[in-house]
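First up is the structure itself, then whatever we jot down about it.
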Amino acid sequence: MDLSYSPEHEAFRGEVRSFLETHGTQAPRGGGPEALAWQTLLIAHGYAARTIPKAYGGFGAEPDILKSRIISEEFSRAQVSTGLGGQGISMLVPTLLEMGTEAQKRDFIGPTLRGEMVWCQGYSEPNAGSDLANLATRGTLDGDDWVINGQKIWTSTAHLADWIFCLVRTEPDAPKHQGISFLLFSMKTPGIEIRPLVDMTGAANFNEVFFTDVRVPKEQIVGRRGEGWKVANTILGHERGSLADPNQMQTRLNALIDLMRTETVGGVRAIDNPVFRDRLMAIQGRVLALRCNDLRLLSAAVNHQGAGLAGLVVKLQGTELRHELEALAIDVMGEMGTLYGDTPGLRDQGSWQRNYMYFLGLIIGGGTSQIQKNIISERGLGMPREPKLAQA
Amino acid sequence: MEFGLSEEQVMLQQSVGRFLEDAGGLAQTRALAASGARRTPDLVTGLSELGVMGLITPESQGGTGLSLLEAALVAEQLGAHVSPTPFIGTAILAPLALQLAGSPGQQGLWLPRLAAGQVTAGLALSEQAGGREDAGLEGRNGILNGRALFVIDYEADLYVVADTAGRLYLVPATAPGLVRTDLTTIDVSRPTGELRFTGVVAEPLAGAGPDLVQRLLDVARLLFAADTLGAAQAMLDQAVAYASSREQFGRPIGSFQAVKHMCAEMAAALEPCRAMVWYGAHALDHLPSEAHVTACHTKAHVSEVGTFVARTATEVHGGMGFTDLVGLHYWFKRIGLNRQMLGGPQALRDEAARATGLVS
Ligand SMILES: Cc1cc2nc3c(=O)[nH]c(=O)nc-3n(C[C@H](O)[C@H](O)[C@H](O)COP(=O)(O)OP(=O)(O)OC[C@H]3O[C@@H](n4cnc5c(N)ncnc54)[C@H](O)[C@@H]3O)c2cc1C
């Protein structure tokens, strides 16, 4: 057990800090051209796309998990944006690095990293949610093109995306998991219709996407025909972990403490109410437990060891806890906590209600809590699988 | 940067586990309960041969010279085996108090004998964490008067006791004016009791003060949390094994989602507790500014999770869980006692809030 960093890593931390001192004020608060310029600056210094080869538009550093951790710690301490995110950068780029052809890596990774190419993830369908492998969107080879027909749903940012990475059934006669292919295509391709879905926060960030005879060049497939399930699964675990970052949770917890120090009921600060304080401290204890667990995962990754149960529990525990954390803030504010939208009296731009709802979305998205429990019990604890229903 | 156990630490944990298993595990605790006896000297002898009784005592005093992280790993094993042996008081708290506040003479007299398992030591600390029934010890000019409840490792030859001013004293169990009254709790694996002092002449640990008392409390809390971690893990393991073999409706009950999800919820809550206990122990060893708050949080949180696991693992066993036959209740009760010792979750969360300036 040794939580100290080597001199090399401490020196690296120093570099990150001085970068943040010099450039931190330029960091953008929102999107737009400033965000793209910031991203370019981060890549040039190796604070984004750090380990992605230079040939594909990254910084080209040797993988060093601790340096990546130091970057995220220091940026979060300085409350400075770590650059662009989104499903292209977080999911597609790692997938291509592992499974893409040389041409795909060259064509797609660079523009994606620079924010010139925004992606959406076309996996879920009306009849393929938790049972994702049940997806029915069809892809049929016609000459040099795949012809795609069907419907996706819950497609986040489809209305903003330039391209989609999409799971399509290309081998209808193969068993369910072996008949899927992983295709890439432009959202400008004729035959795509996007209908926004308003979510409970009031935003319309996800969509229904309809495909009618959409023609996709045959080579825009990642992996081989019928390998799409495998391709998609290479990084699904990664997504789950990233939905529940305990260090972000700590930042939010600090904001909750600030809120409780200022919010008053009948002139008494919430923090001075022993019932609220106890709830706060219980959440603080749980956040601490997840941060310790995260250290264990970090250390396992550095040593190239599997994380086992400690990794499998993160999405379930993290999203549920975050939802409860936001809920406490609302209870602390009472009626004031119900204010939402453009209204007098709003606290913290309405972020507590918005996050309370948003994290319910994350409890459901990326594999619901119930599915997580199936995974934990079957893969983590080795419990008997459910008997399969006879195929109709 | 390395957050995990070394090979030596894993080996220590395994050898202690094997020893406790060979000693009989639950059967030994059952036998003790059935016999009405309150001491198990053979365990102490065996554990001292493994270096456990002198775990944190320097080698120059006959100990093993290890850290509190190793102590937590041992405590976890004791919880896992519901082991009826003195440990927290005898092997850790008394040696710690002697090392930090004892005279060279006191250290030379007691540390080697504690490490060798020749002497056991109880700790009277409960009043420092929240006195019940107006208990507490007044110390004046080396004379002690008053009561101490829920003594840790109560069946002992020697006591380390704290007075209301945060001073510490050594008192032999045979001291004139000291009356012991056994208390029967839910947990037969760790007998406890009350000490009543009437004009007892006690030997002060000259270097002791409120800071040391605080440290002893934090160390003890972390070790109770580690004990609960081990006990809860043992209950979860038994629940998973039972659910995988017991059949109803023509299939293992563990293939029913309701049962599976109970197990997943236990595992999901418990697994992060392991890292938390490691971190808490590491903080006690190396991160003084975090040690106190972390110890409070760790015991509070692990106790909550332990309580959840204790009831849920019992439930997974159906009627069998409620019986004495399977003996799950020994772990259930061990977790129940750990939860209350030196502060339950609410009290500890309050203490953590005070320590971080959240209470005006
Ligand atoms: C905010 C948000 C963003 C999303 N973004 C995207 C995106 O960009 N791209 C994309 O492809 N998808 C996206 N999704 C879809 C998401 O992955 C699915 O909603 C999720 O997998 C659940 O599928 P479903 O909605 O069809 O629910 P269902 O699968 O119908 O589940 C309904 C209920 O039944 C339970 N259930 C289902 N099967 C089981 C089982 N075997 N055992 C126990 N309980 C079960 C579920 O836990 C749930 O409680 C997003 C979802 C949300 C909420």
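When the residues of region A:245-263 are filtered to those that are closer than 10 Å to A:GLN284 by Cα and of a type in the set (S, T, N, Q), which remaining residue is nearest to the chain's Cα centre (by Cα)?
Of everything passing the filter in region A:245-263, A:GLN250 is nearest to the chain's Cα centre (by Cα).
Collect the residues in region B:5-40 that are without any contact (Cβ under 8 Å) to a residue 24 or more places away in the chain and not aliphatic (A, V, I, L, M), keeping them in residue-number order.
B:SER6, B:GLU7, B:GLU8, B:GLN14, B:ARG18, B:ASP22, B:GLY24, B:SER35, B:GLY36
Being surrounded by 24 or more Cβ atoms within 10 Å (Cβ to Cβ), of a type in the set (A, V, I, L, M, F, W, C) and within 16 Å of the ligand (Cβ to nearest atom) narrows it down to one residue among B:VAL259, B:VAL302, B:VAL277; which is it?
On the way: B:VAL302 fails: within 16 Å of the ligand (Cβ to nearest atom); B:VAL277 fails: within 16 Å of the ligand (Cβ to nearest atom).
B:VAL259 is the lone residue from the list that is surrounded by 24 or more Cβ atoms within 10 Å (Cβ to Cβ), of a type in the set (A, V, I, L, M, F, W, C) and within 16 Å of the ligand (Cβ to nearest atom).
Among the residues of region A:123-141 satisfying the criterion of being in contact (Cβ under 8 Å) with a residue 60 or more places away in the chain and surrounded by fewer than 16 Cβ atoms within 10 Å (Cβ to Cβ), which is farthest from the ligand (Cβ to nearest atom)?
A:LEU141
Hey, among B:LEU217, B:LEU229, which residue is among the hydrophobic types (A, V, I, L, M, F, W, C) and within 27 Å of B:GLY25 (Cα to Cα)? So that I can check it myself, show each step before the final result.
Details: B:LEU217 fails: within 27 Å of B:GLY25 (Cα to Cα).
Criteria check complete, one pass: B:LEU229.
Here's a check for you: in region B:227-256, which residue that is within 7 Å of chain A (Cβ to nearest Cβ) and out of contact with any helix residue (DSSP H, G or I) (no Cβ under 7 Å at 6 or more places or on another chain) is nearest to A:ILE371 (Cα to Cα)?
B:SER255
Just one of A:ARG379, A:ARG279, A:ARG347 is within 14 Å of chain B (Cβ to nearest Cβ) and over 30 Å from A:TYR123 (Cβ atoms); which is it?
Testing whether each residue is within 14 Å of chain B (Cβ to nearest Cβ) and over 30 Å from A:TYR123 (Cβ atoms) leaves just A:ARG279.
Do any helices (runs of 4 or more DSSP H) lying entirely in region A:280-392 carry at least 2 residues that are more than 16 Å from the ligand (Cβ to nearest atom) and within 22 Å of the chain's Cα centre (by Cα), and which ones are they?
Per the criteria, A:309-312, A:314-333, A:351-364.
Residue-by-condition table, conditions (1) in a helix (DSSP H, G or I); (2) buried (at least 19 other Cβ atoms within 10 Å of the Cβ); (3) hydrophobic (A, V, I, L, M, F, W, C); (4) not assigned by TED's automatic domain parsing to the domain that holds A:GLU324:
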residue	(1), (2), (3), (4)
A:THR189	no, no, no, yes
A:PRO196	no, no, no, yes
A:ASN207	no, yes, no, yes
A:ARG215	no, no, no, yes
A:ALA232	yes, yes, yes, yes
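Confirm whether A:LEU160 is at pLDDT 95 or above, within 24 Å of A:GLY57 (Cβ to Cβ), within 15 Å of the ligand (Cβ to nearest atom) and assigned to a strand (DSSP E or B).
No; evaluated as a whole, the condition is false for this residue.
Every residue in region B:64-105 that is crowded, with 24+ Cβ neighbours inside 10 Å and in a loop (DSSP other than H, G, I, E, B), please.
Passing the criteria: B:HIS81, B:VAL82, B:SER83, B:PRO84, B:THR85, B:PRO86, B:PHE87, B:GLY102.
Answer with yes or no whether B:ALA101 is of a type outside the set (Phe, Trp, Tyr) and closer than 26 Å to B:VAL52 by Cα.
Spelling it out, B:ALA101 is indeed of a type outside the set (Phe, Trp, Tyr) and closer than 26 Å to B:VAL52 by Cα.
The values are calculated or read from the model by the stated rules, or taken from the named source; none is laboratory data. Note that the coordinates shown come from a computational prediction; the quantities given were computed from them, not determined experimentally. Cβ coordinates were reconstructed from backbone atoms using ideal geometry, including for glycine residues, and neighbour counts include every protein chain displayed.
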